[in-house]
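What follows is a single structure, written as structure tokens, with notes after it.
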Amino acid sequence: MSEWLKIRAQLVERGIDAGFDVSRGVVLALLGPEGAGKSSVLAMIAGTVTPDRGEVTLADAVLFDSAASVDVAVTGRPIALMPQRPVLYTSLTVRENVEYGPRSRGSSATEAARVALEWLGAADMADLVRRRPRKLTAAQARVVALTRAFAEEPRVLLLDDPFGGLEPADVAPVRAALRRLLRRRADAARSTSTVIASAEFVDGLALADRAVVMENGMVVDAGTPTGVLAESRSLFAADLAGTNLLFGTAVEADPARRPALAMRTEAGAQIGGAVAADLGAGDPAVAVFAPRAVTVRRAQDGMPGIPVRVARLQAYGARIRVRGSHDDRRELIAELGPAAARELALEVGAEAVFVVDPDAVEIFPAG
Ligand SMILES: Nc1ncnc2c1ncn2[C@@H]1O[C@H](COP(=O)(O)OP(=O)(O)OP(=O)(O)O)[C@@H](O)[C@H]1O
């Protein structure tokens with residue numbers, strides 16, 4: 001069943017002409033820079049925005065077909081959309097907010113309470129069910145909004161920019177909660193799919209089975225998240241040249257330290273970081289980190305870190321970007337101030353070590 005959800009839609013006023021399919025049971029990341037048209041596409045799937053031309057179908061049901069003048073109302077579509085910057089009802093408790101999901105689908109009060117508690121348990125929020133939104137942190141409030149959308153148990157779940165507006169430190173815990181919710185959704189029903197719109201490529205790696213990249217209203221790439229990252233020709237993916245990706249295998253780390261796993265690269269270097277909960281020792285993995293998380297050292301025997309050979313040195317504003325090759329995959333980038341760069345006196349071809357701050361590293365399964 002490869003064509004479970006299909007969308008082909010033009011929206012002339014916003015310069016959108018996009019189409020893609022989402023298979024049954026799949027989590028798809030809809031990626032692209034701000035203004036690429038991701039929100040508009042989600043709105044056309046949900047039915048809150050009407051395409052000028054196109055089709056939206058789910059399994060055998062036609063939800064929209066401009067040629068046949070079919071346009072199923074928003075409430076008639078088995079689809080839930082969590083909008084950008086979702087808000088909670090301040091007068092309701094966490095549980096009541098989440099009950100609102102199943103209630104909006106016509107569940108009885110008893111059934112809604114049962115479903116809400118199940119999903120809150122899956123999100124690890126069971127302790128907070130009686131709290132009012134004002135007493136929640138921003139990260140907790142976002143997890144409750146996500147849980148409410150999951151508790152609707154729609155066949156198609158659309159999440160628009162789920163981490164938008166959060167402080168950087170709040171993204172990792174909310175992402176971890178979203179992974180738990182996605183896992184439960186996958187266990188609960190096969191006939192569902194989820195589309196997550198985000199401007200952060202790492203969300204594709206962290207959350208999705210498939211990635212579709214949009215630019216200027218059009219789809220420019222589609223495939224597995226790691227495949228798209230490795231091979232994309234799009235400008236958006238080229239921007240990611242600024243994100244370090246290191247591929248390898250999850251391994252047991254020093255048992256005295258948390259987390260218990262780290263990643264070993266194909267070339268034998270080890271890197272620690274925040275490890276996704278569903279990664280097990282021996283699994284293929286990818287470590288993601290920013291150039292600023294890297295400290296460059298001259299190579300000395302026994303120096304722990306990622307050994308590289310300096311491939312290029314580039315001015316990057318007032319800073320210097322050091323590109324180093326560690327394995328035969330893409331180069332890694334470190335970013336230094338001019339003084340540090342002078343002190344190291346690096347040259348192309350020199351051996352160096354990239355020491356990466358584990359607090360700035362995320363390690364995900366590599367699909
Ligand atoms: N309600 C609207 N009315 C008219 N034009 C809109 C509306 N919302 C968005 N647009 C325009 O449509 C284009 C696509 O925007 P859209 O919000 O769908 O992109 P996006 O990829 O979701 O970006 P963002 O992350 O900023 O939301 C942009 O040019 C935007 O200015």
Order by neighbour count: E34, E152, E362, fewest other Cβ atoms within 10 Å first, most last. E34, E362, E152
Only Lys, Arg (+1) and Asp, Glu (-1) charged, at Cβ; the chain dipole about Cα centre in debye: 860 debye
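For the range 5-238, what is the relative contact order in percent, using Cα pairs closer than 8 Å and at least 6 residues apart in sequence? Don't skip to the end; give the middle numbers.
Values: 453 pairs, mean separation 69.1, N = 234.
Relative contact order here is 30 percent.
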Once the other residues with Cβ under 13 Å from the Cβ of P365 are scored (Lys, Arg +1; Asp, Glu -1), what is the net sum? -2
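Quick one: plug the Kirkwood hydrodynamic radius of the chain (C-alpha pairs) into Stokes-Einstein at 37 °C, 0.692 mPa s, and report D in µm²/s. The partial results should precede the final answer.
Numbers: Rh = 22.1 Å.
Rounded to a whole number, D works out at 148 µm²/s.
Using a Förster distance of 30 angstrom, determine the FRET efficiency expected from the C-beta separation of V251 and A318, and round it to 0.05. Mind showing how you got there, number by number?
Details: r = 38 Å, r/R0 = 1.27.
E between V251 and A318, to the nearest 0.05, is 0.20.
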Amide H neighbours of V361 under 5 Å, at least 5 residues apart or on other chains, H built in the peptide plane: list them. A274
For a quick size check, give me the Cα extents of the range 42-90 along its three principal axes, largest first, whole Å. 43, 21, 14
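Given 25 °C and 0.890 mPa s, how large is the Stokes-Einstein diffusion coefficient of the range 172-217 in µm²/s, with Rh as the Kirkwood radius over Cα pairs?
Details: Rh = 11.8 Å.
The Stokes-Einstein estimate is 208 µm²/s.
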note: the range 244-365, Cα-Cα separations exceeding 16 Å make up a percent value of 59 percent
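Where does the charge balance sit around E111 when Lys and Arg score +1, Asp and Glu -1, over other residues with C-beta under 15 Å from its C-beta?
On the way: positive: R95, R103, R105, R114; negative: E96, E99, E118, E152, E153.
Once positives and negatives cancel, what remains is -1.
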For the range 1-40, just the Cα atoms, rotate onto the principal axes and tell me the three extents in Å, largest first. 33, 19, 9
Counting only residues 5 or more apart in sequence or on a different chain, those whose built amide H sits under 5 Å from that of G25 are T192, S193
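Starting from 0.36 nm per residue, how many nanometres of slack lie between S23 and Q300 once their C-alpha separation is accounted for? Could you put the intermediate results ahead of the total?
On the way: separation 277, 0.36 × 277 = 99.72 nm, distance 5.01 nm.
The S23-Q300 span can extend by a further 94.7 nm.
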With helices defined as uninterrupted DSSP H runs, which ones in the chain have an alpha carbon span along their own long axis of at least 15 Å and mean Kyte-Doolittle hydropathy of at least -0.5? 109-122, 138-151, 168-188
Share, in percent, of DSSP beta bridges within the range 244-365 that are antiparallel, nearest 5: 95 percent
Taking the alpha-carbon centroid of each part, what is the distance from the range 298-345 to the range 58-98 in angstrom? 48 Å
Of all DSSP beta bridges having both residues in the chain, the percent classed as antiparallel (nearest 5) is 75 percent
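Bear in mind that the values in this text are calculations on the coordinates, not laboratory data. Keep in mind that what you see is a predicted model, and the values were worked out from it rather than measured. Ideal geometry is used to build each Cβ from the backbone, glycine not excepted, and the neighbour counts take in all protein chains shown.
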